[in-house]
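All remarks here apply to the structure that follows.
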Amino acid sequence: MKLQLHTSRRSAKAVPLTILALAAHSALFMSPAHAQMDEGYWTFGIGAGQTRGAFDEASLSNRNRVVVPPNIITSQSIATDRRDAGGKVFLGRQFNRYIGMELGYFDLGKFGWQTSTTPAGTLTGEIRAQGVMLDLLGTVPLSTNLSALGRVGATYTRTRSNYASTGILGILNPNPSERKSEPKWGVGLQYAFSPGFQMRVEGEEYRIADALGSRDKVRMYSASLVFPFGRAPQPAPRAAYVAPTPEPTPRAEPMVMAAPPPVVVAQAPIPAPVIVPLRRVKYEAESLFTFAESTVRPEGKLALDSFAAELSGTQYDSITVEGHTDRLGSTAFNQNLSMQRAEAVKDYLVQVRGLSSSKVSAVGKGEDTPVTAAVDCKGTAQTAKLIACLQPDRRVEIEVSGTR
């Protein structure tokens, strides 16, 4: 008996357009991008994409168990590419910047095949896989907004099959099903458009087991929308106020002594002008920016508005904005971040508050001038405790200078 197998190639269902439309809409109307740096918050997400089943020849050969008479299939020519649309919905907990966990539901779609037999007859089959997943999620920041993702976890999958035949073939069990736990893994990229909106692209591999004892692979390539919530409120802006330098003592007027013959005491020479600090203000970085970000937050703008208002009517020659970071991260990253933050404050004071651009300058100090001592904040791992201990090092200082 000779058999020819013709695979049913169904066009993969397109990823729902509503997912992409919502992503574009959110990217346009959300606030400027922020990376996910908050400690301990929840996430909700929904994703959709294309699934591809990888069924080997030995796996498909097990379908002989469903027909009567058995072993009617004596030779096979098998194409293992199976495609459909899949999706998932999940709830996650981000424990810190690098580690999270997600629990979700997934649907890998349907995969089908058709076998023609000699003497004349057909065997058609369809398999569908759905289940729940629990993943450990790792995040590695690549920039302030872009991160690499890696996940490993387990699934509990229900696999349902449907068989039908014509000709001499009979079906022992037309609707077998199987429930089983299997491992899964995946990799991807994530971009944070704002504190409340992120987007992911991922590739994941699922293992499924059908009712005939076969273990197959299904890969899903998806795009997901992620919505963080339950984040701790950011601290209110706090500025350390430094009193203005006292005005210099007035210079003594020249003394004129009248005597015959009149003698005039010469006036002392006027010293050359000296540039001295008139005022220095210090802001904690978290009062102006999100952690590891360089975009001024609304609360930070209020603090800078107050600073600019206090300068109104003050005579000064220059304003220097200094950005400082802690020692976490690479030296190059910290130097770049401190300069970006100093430039952001300068731009706000000049472009929004109307200060003269010729009098305001920005300097990035990086991690070179810490406030804390190494003995006070020990360790190198970026734990929540160490990040909190190094908070005084993350700051922006503004110095107003004038001529005395």
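Values for this structure:
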read-out	value
Sequence-distant residues sharing a close amide H with residue 318 (under 5 Å, placed H)	401
HN-Hα J in Hz across the stretch 384-393 - Karplus 6.51, -1.76, 1.60, θ = phi - 60°, x for Gly and Pro	4, 5, 5, 4, 5, 5, 8, 4, x, 6
The stretch 131-182: C-alpha gyration tensor shape, a/c 1.5 cut-off, then a/b vs b/c	prolate
Surface accessible to a 1.4 Å probe, residue 42 within the full protein complex, Å²	110
Residue 137 long-range amide H proximity, modeled H, under 5 Å	100, 101, 102
Solvent-accessible area of residue 296 with every protein chain in place, 1.4 Å probe, in Å² to the nearest 10	20
Where the stretch 92-159 is the region considered: accessible area per residue in Å², 1.4 Å probe	39
All lysines inside 16 Å of residue 110 as judged from Cα atoms, apart from same-chain residues fewer than 8 positions distant	13, 88, 217
Where trypsin sites (Lys or Arg not before Pro) fall in DSSP loop in the stretch 314-399, at most 12 other Cβ within 10 Å	378
Accessible surface of the stretch 110-231, 1.4 Å probe, proportion on carbon and sulfur as whole %	59
Neighbour cut-off at most 13 other Cβ (10 Å), DSSP loop, GluC sites (Glu not before Pro), the stretch 315-404	none
Estimated vicinal HN-Hα couplings, Hz - the stretch 147-153 in sequence order (Karplus 6.51, -1.76, 1.60; Gly, Pro = x)	9, 8, 10, x, 9, 9, x
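The values are calculated or read from the model by the stated rules, or taken from the named source; none is laboratory data. No experiment lies behind these values; they were computed from the predicted model shown. Heads up, the Cβs are rebuilt from the backbone with ideal geometry, glycines too, and the neighbour counts pull from every protein chain shown. Calculation scope for accessible area: heavy atoms of the full protein, side chains included, ligands and nucleic acids excluded. Shrake-Rupley method; radii C 1.70, N 1.55, O 1.52, S 1.80 Å.
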